[in-house]
């Protein structure tokens, strides 16, 4: 089983190469950039909050959550499904809410710095703690390709979850051998060069060296490998044959 | 098998009664009103065109189609799914695009009056000509409740289709005995009174007497009965027990 | 505004049809044979037989 | 702007904690026992022990 994650600004580009080369079993996708764009047009200013240790993350209040769910599951998801359908794949798109495919535990709210004070701010984000593998396997075994928008369900509400780590969780829970994370960069870059291979025990060093975006992908790779996935590849989705011939960084046990 | 359709301004109201009373197998929904509202906020003016015989219908250009797909499958669909999940039903929401659940034939464009002239205008709307009953039965037989946004797939694109007639087609193709159309009016009203029962052979008279919205529902009822459905009920979704004790108009063979 | 009258042939019966300021996709009828036509080119003015579905109640 | 200093008891060790213009859900630490606390009421100033997950990289 091959689980593929697609995200970042890649989603706004022409994905013909990607659709042509599709040989995966399950697709998970994000789409935060489009959420910010449409949110602003709808008058919902995108707030980012700085945590005490200086890490910037999106504050998902109720209004943002609604836009997040709508854009990921109603716009980006259907664009990807139509792309795969047009190449003859039986794509079925839904969000992690549906059938509770992505079950999440809601974060206790996010810590934000307001002036000199640190305050907990109500937030609709969470961590994926479970996957409805029964539904995914039901679909895959009947020839369908699940296309999952990384919006999860927890404590009766939709929750914003990290796309990379959701994909890792899906890979682990469905017993996938491989997780391919396609993004808009060539791979893990250290001083401008692509790192061809990273072993599991070396991961923490790289996690400290890379930027926020790649940090999440390496954290996801770590969780996947520790959960039994054999190989995680972080590669560019823009090239020819991005799935059958990935050229980025291979992260292995 | 019981197929239920929900639409109109009902979708903007508190649906607790509806979720509490859920005993259906498949839910189909529209949501045009919300599309117009969000479309305008996104700067996409909702155009309505008048056909030569004076019938007003929405003109679905490419931009409107994108909003239509996003709002129906990403906002309204997920609201309904969360409502059903919170009552313990295994709801799985998707659009008619997914797995080509609703296959549609694209209309050759819609005729519009421009000044004195009649012109064909490109349109992304269609008529449902097929249903992927295999996927629907796969889900239902495994205890899931499909929640379908009435956006269809045809000729490689998403297509705006009529919610009532999509529900009728789903009911016919899945061999459902009953189709319940829940809306924001009590039933078929003639001179202010609810018509309790309409027989199939009388339908055409009523179709000529009612307004555009109800006309579509009666046309859908006709298609359902002619396709083998035993009973179609058009009733209000706002009351207590709207599904188990509908009080509107029964349309039978 | 100057109105430009153009003429083109009916693809069905060959009769000459005149239209003022024709629009692409404009629907008209051939007075000779009565077939419903659709403008597919303005210069030259060309028609095709219009495929018309029954009047339909769109969403 | 007048700053209002308020005091409340640490639920863990009972020590008195003072805060200027406390905010609901403000996070602070008890100087006495070091436990991390969260403001749950301003008048009177009340705290609860803050459940803090590890620093997390949200979406």
* Asked: Which whole number gives the average, over all residues in C:18-25, of C-beta atoms from other chains lying within 10 Å of the residue C-beta?
  -> 3
* To do: May I ask you to report, in nm to one decimal and beginning with the shortest, the distances from residue A:247 to the same position in the other copies, taking label points 7 Å along Cα-to-Cβ?
  => 7.0
* Give me the percent of DSSP beta bridges within segment B:2-252 that run antiparallel, rounded to the nearest 5. => 45 percent
* **Label zone at residue B:186, where the point sits 7 Å out along the Cα-to-Cβ direction: segment B:4-21 residues whose backbone N lies under 11 Å** => none
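Sorted by packing (mean other beta-carbon atoms within 10 Å per residue), highest first, where do B:141-151, B:164-174 land?
By packing density, highest mean first, the sequence is B:164-174, B:141-151.
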* Asked: Which distances, in nm and shortest first, link the residue C:29 label point to the same label point in every other copy, taking 7 Å along Cα→Cβ?
  -> 8.8
* Structure fact -> Per-residue ellipticity at 222 nm attributable to helices in chain A (runs of n ≥ 4 DSSP H, -39500 (n - 2.57) apiece, nearest 500 deg cm²/dmol) works out to -8500 deg cm²/dmol
* **Shielding by other protein chains, A:92-104, mean Cβ within 10 Å** => 6
* Sort A:200, B:10 so the one with the fewest other Cβ atoms within 10 Å of its own Cβ comes first. => A:200, B:10
* To do: State the antiparallel share, in %, of DSSP beta bridges confined to the protein assembly as shown, rounding to the nearest 5.
  => 55 percent
* Run through all the Cα pairs of chain B and give the fraction in each 10 Å bin from 0, expressed as whole percent. => 8, 31, 38, 20, 3, 0
* Axis-proximal residue, chain A, for the rotation superposing A on B (Cβ, Å) -> A:74, 1
* Quantify how strongly other chains surround peptide A:151-164 by giving the mean number of their Cβ atoms within 10 Å of each of its Cβ atoms. => 2
* Per residue and in Å³, how big is the convex hull formed by the alpha-carbon atoms of the protein assembly as shown? -> 227 Å³
* To do: May I ask you to report, in nm to one decimal and beginning with the shortest, the distances from residue B:45 to the same position in the other copies, taking label points 7 Å along Cα-to-Cβ?
  => 3.0
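Computed from the coordinates by the stated procedures, all read-outs in this text should not be read as laboratory data. Keep in mind that what you see is a predicted model, and the values were worked out from it rather than measured. Cβ sites come from the backbone with ideal geometry, for glycine too, and all protein chains shown count toward neighbours.
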